[in-house]
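K.L.:
I have a structure here, written as C-alpha cells, and I will follow up with some questions on it.
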Amino acid sequence: MARHVVAPVAEIPPGARKVIEAAGKRIVVFNLDGAFFALLDRCPHQGGPLSGGILCGLTQSEEPGTYRFSRAGEFIRCPWHQWEFDIRTGKSWFDPRRTKVRPFPARVEAGAALVEGPYTAETFPVRVEDSYVVVEA
C-alpha cells in the first residue's frame, strides 16, 4: 500500500472529517478525539457517500424502557438508507436478511444480545507523522 499525506493534524479537528482521493479511491478520514480512522466513502449496501452522513452513537437496551447511549460521534449514518457503521472498525450492526415487511406476533421476552450485521465498510490504516495525517491505500 502506498502512503498518502492527507493534511496537517490541525486541519481535521476532533469530530471532523475530510474526504480525499487516494489510489483511485474516495476515502473519508475521521478524527475521533485525536485518533484518526479512514473508511472507503461508499456504503457497502448501495454505494451511498458515507462522508455525507451524520455522526451518531450507540444506543443499547437491556430491557424495554431502559436505554443506554454511548460512543457519541463514533458511528456514521449513510445518508441514503440510514445504515450505521462503526468508524473504528467499519462494521455495521444492520442485517438486511432480518428486515422484512410483514406482520409478526408481539410479546415481551428477555432481551437478546446484539448481533453484528454481515456488512463492513472498507477501512484503511491511518497514522500521524510529524503532525500530518497519513493514510495507507
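Values quoted throughout were computed directly from the atomic coordinates according to the rules given, and no laboratory measurement underlies them. All figures in this text were calculated on a predicted structure; none of them were measured in a lab. For neighbour counting, all protein chains shown are included, and Cβ atoms are generated from backbone atoms with ideal geometry for every residue, glycine included.
K.L.:
Could you check the stretch 119-137 and list, in sequence order, the residues that are within 14 Å of residue 2 (Cα to Cα) and out of contact with any Pro (no Cβ under 8 Å at 6 or more places or on another chain)?
P.N.:
Residues satisfying the conditions are 124, 125, 126, 127, 134, 137.
K.L.:
Kindly list the number of the only condition in (1) within 16 Å of the chain's Cα centre (by Cα); (2) closer than 16 Å to residue 132 by Cα; (3) not charged (D, E, K, R) that fails for residue 54.
P.N.:
The single condition residue 54 does not satisfy is (2).
K.L.:
Among all residue pairs at least 6 apart or on different chains, which show Cβ distances below 6 Å where the first residue, located in the stretch 1-13, is touching a residue at least 24 places away in the same chain (Cβ under 8 Å) and the second is surrounded by 12 or more Cβ atoms within 10 Å (Cβ to Cβ) and of a type in the set (Asp, Glu)?
P.N.:
Within 6 Å, the pairs are 1/136; 3/136.
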